[in-house]
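S.K.: Got a structure here, written out as structure tokens. Questions coming.
The values are calculated or read from the model by the stated rules, or taken from the named source; none is laboratory data. Everything numeric in this text was worked out from a predicted model, so none of it was measured. Using ideal geometry, Cβ is built from the backbone for each residue, glycine included, and neighbour counts are taken over all protein chains shown. When the accessible area is computed, the model is the full protein with side chains, heavy atoms only, and any ligands, DNA or RNA have been set aside. Shrake-Rupley method; radii C 1.70, N 1.55, O 1.52, S 1.80 Å.
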Amino acid sequence: MIPVLIPSLPETDAIVPYLRRIDETRIYSNYGPLSREFTTRLCGFVSERAQGAPVAATITGNGTSAIELALRYRIAGRRGGLCLMPGYTFIATAHAAVNVGLEPFFADVDPETLSLTPAIAERALSLAEGEVAAVVVVSPYGAPIDIPAWEAFEAAHGIPVVFDAAAAALNLTRVGAQPVCVSLHATKALGIGEGGAILTTDVDLVAQTTAMTGFGFSASSRVSEVRGGNYRISEYAAAVGLAAFDSLEARIRQLREASGAYHENFERIGVRMQPGFAAEWLTMTVNALFEPAAAEAVTAAFDAAGIQWRRWYGTGCQAHPAFSTCRHDGLARTASVAAGAIGVPFFPAISREQINEVCVCVERALAAR
Ligand SMILES: Cc1ncc(COP(=O)(O)O)c(C=O)c1O
């Protein structure tokens, strides 16, 4: 059997030196030294790769709460209104909107990039009955987002934009004032177990959302200045994060190699992947993109061959009972996009032989149709 994903975080020996520092300081949480150092390393890593001013970060307990807090800041405490978002996303995006009092309005995605585009969003705005308080733009599986286009959208419509770039921590080539939310979950390319971050050049956004992560207290006071909760990470999570940074270059090389092998094989047999994948960006959730009927044939062949696969975003948010009453723009292309995007086995230690086995299985399944 070839598993679809084997999460891998730093091993115990790599974390121990950081755990010893916790033993020495006896600081276990509350923005301790490891958490501050992790924040600095994350900001340095992203700032080095992204155009624009230095990036600042608010670290959160997970990616979902990063989206919640970024939305909460950007809608400035108002309740009610719609949150426009793609229907084709992981369900966390919809939960985050509901948790700050917004009602999801699902929009279609572009079948080439699997993303919401400003043009699709503009059409959805004209169909949404009711005020759209915010737009959440999702980076599908970590693909880069056209941030300048969304800055122009926000300037034109006056609607705040938040990016759900959960899987894109390694791929941020531009970060502006609009908040970019990433997940540091164990299944992500940069994982710490559970964690998340809001990345932005807006220092007020970071100050306010950081306060929200700790009961609304600002740096040294115990006075609650803004409404929030407890969304912090512990020093133990930061220890894993620091160890993850220590081995990140080696991990990126592994991911690049395996991604390149998939890209090469699939290109040879004419199977589409997300634009720029492998050459320009990396992810842990690698998808092959088919027409729905071809996807059926391929997944049947995978099942027969003991190759695990997954539709990582399912068939779209509107298909979940918890969100089935949410309105949408008709989602004309979402069903076929969702049916055709098949997550293939991928993990840092996947071998060339395993990748070849997957690709040969796809080739045979397509040839047999
Ligand atoms: C698109 C998207 N948004 C949000 C999340 C939520 O992140 P977390 O699991 O860290 O809360 C995920 C997690 O996989 C995701 O894929």
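S.K.: For the chain, set up a Gaussian network in which alpha carbons nearer than 10 Å are linked by springs, and say which option among 170, 255, 19 fluctuates the most.
M.R.: Checking each option, the largest mean-square fluctuation is seen for 19.
S.K.: What does the helix-only formula give at 222 nm for the chain: each DSSP H stretch with n ≥ 4 adding -39500 (n - 2.57), the total divided by the residues, and the result rounded to the nearest 500 deg cm²/dmol? Walk me through the numbers on the way to the answer.
M.R.: Values: 12 runs with 153 residues, N = 369.
Result for the chain: -13000 deg cm²/dmol, rounded to the nearest 500.
S.K.: Next up: First select every other residue whose beta carbon is under 14 angstrom from the beta carbon of residue 333; then total the charges, Lys and Arg +1, Asp and Glu -1. Walk me through the numbers on the way to the answer.
M.R.: On the way: positive: 123; negative: 108, 110, 112, 291, 329.
For residues surrounding residue 333, the net value is -4.
S.K.: Among 118, 140, 160, determine the one that fluctuates most according to a GNM of the chain built with springs between C-alpha atoms less than 10 Å apart.
M.R.: 118
S.K.: Right, another one. Could you tell me the accessible area of residue 13 in Å² (1.4 Å probe, neighbours in place), rounded to the nearest ten?
M.R.: Roughly 130 Å² of residue 13 is accessible to a 1.4 Å probe.
S.K.: What are the equivalent ellipsoid semi-axes of the stretch 248-367, built from the alpha-carbon gyration tensor (square roots of five times its eigenvalues), in whole angstrom, biggest first? The partial results should precede the final answer.
M.R.: Numbers: eigenvalues 139, 66, 34 Å².
So the three semi-axes of the stretch 248-367 are 26, 18, 13 Å.
S.K.: Continuing with this model, one more query. So, with +1 on the Cβ of K and R and -1 on the Cβ of D and E, and no other charges, what is the size of the charge dipole of the stretch 12-246 about its Cα centre, to the nearest 20 debye?
M.R.: On the way: 16 positive and 23 negative charges, 140 e Å.
Magnitude of the dipole: close to 680 debye.
S.K.: Taking amide H atoms as placed 1.01 Å from N in the peptide plane, list the residues 5 or more away in sequence, or in a different chain, whose amide H sits under 5 Å from that of residue 2.
M.R.: Under 5 Å from the amide H of residue 2 lie the amide H atoms of 307, 308, each far enough along the sequence or on another chain.
S.K.: So what's the chain giving for Cα Rg divided by 2.2 N^0.38 Å, two decimals? All intermediate terms of the calculation are to be shown ahead of the outcome.
M.R.: Numbers: Rg = 20.6 Å, N = 369, 2.2 N^0.38 = 20.8 Å.
Against the compact-globule rule of thumb, the ratio is 0.99.
S.K.: Right, something else. Given 0.36 nm per residue, what is the gain on full extension from residue 174 to residue 99 after removing their alpha carbon distance, in nm? Could you put the intermediate results ahead of the total?
M.R.: On the way: separation 75, 0.36 × 75 = 27.00 nm, distance 2.78 nm.
Value of the extension gain: 24.2 nm.
S.K.: Going through the stretch 152-226, which trypsin sites (Lys or Arg not before Pro) have at most 11 other Cβ atoms within 10 Å and a DSSP loop state?
M.R.: Values: sites: 174, 188, 222; in loops: 188, 222.
When the trypsin sites (Lys or Arg not before Pro) of the stretch 152-226 are filtered for loop state and at most 11 Cβ neighbours within 10 Å, 222 remain.
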